[in-house]
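Accompanying notes for the structure given below.
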Amino acid sequence: MKTTKHTLDRIIAASAVTLILLTAFTVTSCKEDNEEEKIENGACRFAEYFFNCLYKDAMKLCTPESAKWLSYAASNISQEDIDILNSQKDDATCESTDIIMPDDTTAVVTMKVKNFLMMDSIGVPSKIKESALYTIVMRKRDGRWKAHLDGMPQEVKDIH
């Protein structure tokens, strides 16, 4: 009888430990998924504002250090650019293709941006580009993920 009770106690204890470990793993996994979702949503919202030339809205989703780059972009919009944007049936859209997290407060999001105004150098007319890949660096500040620009977003060139 003692052996049976001892065996039953060991089975219950092992089951409890297994349940605790599975619960911890599930909670951790969900937290990571939730964090990636926050990063992805923040990067896509920022990119959609940026690539639709809604710089004031984009400013709310980026780090303070990034403001100068948004001001620079806004100062280079011409009336011709505005006319091109206004003539478009569809807005620019984005979808993330990859997220890399080098640490807990930095993420690099690669995204495919579609149907956006591609501005060239001064004096060269802008045009609508069908699609291109861009990376957006996200930084966690005060618990929120924000886009961080060290320069104007650059198209990711194919390595092929």
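Numbers below:
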{"read-out": "Candidates Gln88, Gln154 - the one that is at pLDDT below 95 and under 16 Å from the mean Cα position of the chain (by Cα)", "value": "Gln154"}
{"read-out": "Which listed residue, of Ala132, Ala107, is in contact (Cβ under 8 Å) with a residue 40 or more places away in the chain and touching a strand residue (DSSP E or B) at 6+ places or on another chain (Cβ under 6 Å)", "value": "Ala107"}
{"read-out": "Residue satisfying condition, being over 27 Å from Lys38 (Cα atoms) and free of Cβ contacts under 8 Å to residues at least 40 places away in the same chain, within set Asn76, Asn86, Asn115", "value": "Asn86"}
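Results for (1) in contact with a helix residue (DSSP H, G or I) (Cβ under 9 Å, 6 or more places away or on another chain); (2) farther than 23 Å from Val124 by Cβ, shown as yes or no for each residue.
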{"position": "Glu40", "(1), (2)": "no, yes"}
{"position": "Arg45", "(1), (2)": "yes, yes"}
{"position": "Tyr55", "(1), (2)": "yes, no"}
{"position": "Pro64", "(1), (2)": "no, yes"}
{"position": "Trp69", "(1), (2)": "no, no"}
{"position": "Ser78", "(1), (2)": "no, no"}
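The values are calculated or read from the model by the stated rules, or taken from the named source; none is laboratory data. For clarity, every value in this text was computed on a predicted model and none was experimentally measured. Here the Cβ is made from the backbone with ideal geometry for all residues, glycine too, and neighbour counts use every protein chain on show.
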